[in-house]
Structure formats: C-alpha cells, structure tokens
Amino acid sequence: MQRIFVVDDEAAIAELVEVYLTNEGFSVEKFGCAADALAGVRRDPPDLAVLDVMLPDMDGFALCQEIRKDYLFPIIMLTAKVEDMDKIMGLTLGADDYITKPFNPLELVARVKTQLRRFIRYNQAEHAGKPPEEYDFRGLQISNQTHKCTLFDEELQLTPIEFSILWYLCQNRGKVVSSEELFEAVWGEKYLDSNNTVMSHIARLREKMHEPSRKPRFIKTVWGVGYTIE
C-alpha cells in the first residue's frame, strides 16, 4: 500500500484529504507542523507528500527544500495563495505539482495518482537500465516520445536542435556538460574552439523558457566548464 503524508495545520482539510485518499486505497499519515513531518520523512519516507504552504513553524516551501536535500519522492504543494510567483517558487524549490485552496478533493486525488505514476515509471526505467523517455521536475516536462516540452503548463515552441539540447541536459541532470560534449552529441560533428553555436542556442532556449539572464532557474552556466540543469 502506497503511503501519503499530508502536512496541514488545518485539521478539517487534512481529514478531508485523508478520507478521499484512503477511499482510493492509500495509507495516509497526517502532520500539523513541519518539524513532525520532517521527522516522519527521516524515520520512514513516504511515496508522496502533500504540503501546505502556511505551517505554524516553517513554511511549506522551506520544508520542501529541506526534504529535497535527501529525498526524491513526489511533492504536491497546497496553498491559498494564487500568485504565479508562489507557484514558480514552489516548483523551483523542488515541488512536482501545485494546487490552490479551495480545491476539489477528486482533483487532488487525480494529481496524486499522476505524480505517483510518473515517479514509478521513471524509476522502473532506471532500474531496468533503460533511459527514461520523459522527464518531469520543477514544472518542466519534456517527452522524447512526443517531442513536446512544457514549462509551468505552457508548451514551448522549440526547434529540433533546441529540443535536443534541452533533452541532453535533462539526461545529464546534475552533471556539468561541456560545450564540446553538447555540440558533438547534438550536432554529431567535431567541435571547434571558436564555435559559438552552442552559446547562441542556449541563449535562445533560455529566452523561450523565460529564464532571467543573471539567475536562470534551469539551465545554468558553469563558467569555463559548460552547462548544467540542477
């Protein structure tokens, strides 16, 4: 039985979520504060966590960031705030999805099932030694099967080269990829030191992703080395 942590200091909401998730066959543990939830995660990590943003001892964004230091299970944020920046902040800090209050419990259940399916499919591919055909993290979704990419639910109109660059960086997420490696992997040609092709394509890709030039959230430059997606 898959275990879900529900972290919300509003008992009525936590109990409502518990009823709907339990009816779908999930095991639910409720926490009213971040400290208890973090202790529960470290004691026995769940399959997924639903975190409220407004908690008495630590906000849900900070809790999400703390969890992401050691754990990769899906996280769904619950909040009464509807500003886009809140959504972007939550997803940038490591949340996988975001739903605002008041919400339809059936929608939350559907989101939980979707995130669990994606996480299981990704891990099965890794354990089978097969490269994943889809990446889904921090609001970025990219599929090698459909050649579609969305960022915070907005479909990005990428050229085949731009898609290939982003896909290769996602495949090597957490690693620094040199311009030489990226060029030879995407273009299939020998890289020349004077070649600025990679830099110009990265710039256009960042522009389409609405990335701030000084502090990009996704594609980061490691000066003198290359590029990385963290």
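Every Cα-Cα pair of region 127-176 was included, and the share exceeding 12 Å stands at 64 percent.
For a quick check, take a GNM of the chain with Cα springs below 10 Å and name the residue from Leu108, Leu16, Leu169 with the largest mean-square fluctuation. The residue with the greatest mean-square fluctuation here is Leu16.
With all pairs of different C-alpha atoms in the average, the Kirkwood value for the hydrodynamic radius of region 150-229 is 12.9 Å. The dipole here belongs to the chain: it is taken about the Cα centre, uses +1 on the Cβ of Lys and Arg and -1 on the Cβ of Asp and Glu, and is about 540 debye.
Kindly express, to the nearest 10 degrees and within the range 0 to 90, the angle between helix 160-171's C-alpha long axis and the longest C-alpha principal axis of the chain. For helix 160-171, the angle is close to 60 degrees. In the structure shown, the pairs Lys101/Lys208; Lys148/Lys220; Lys101/Lys215; Lys30/Lys220 are assessed against 28 Å; a Cα-Cα span above that value is assigned to Lys101/Lys208; Lys101/Lys215; Lys30/Lys220. Stokes-Einstein D for the chain at 37 °C, 0.692 mPa s, Kirkwood Rh over Cα pairs, in µm²/s? Rounded, D is 172 µm²/s.
At full extension, Ser213 and Phe103 could sit 36.1 nm farther apart than now, given 0.36 nm per residue minus the alpha carbon distance.
Computed from the Cβ-Cβ distance with R0 of 30 Å, the FRET efficiency linking Lys113 to Asp59 stands at 0.70.
In the chain, taking the dipole from charged Cβ atoms about the Cα centre, the farthest positive-side position among Leu156, Leu140, Val225 is held by Val225.
FYI, it's all coordinate maths here, none of it is from the lab. Keep in mind that what you see is a predicted model, and the values were worked out from it rather than measured. As a convention, Cβ positions derive from the backbone with ideal geometry for all residues, glycine included, and neighbour counts pool all protein chains shown.
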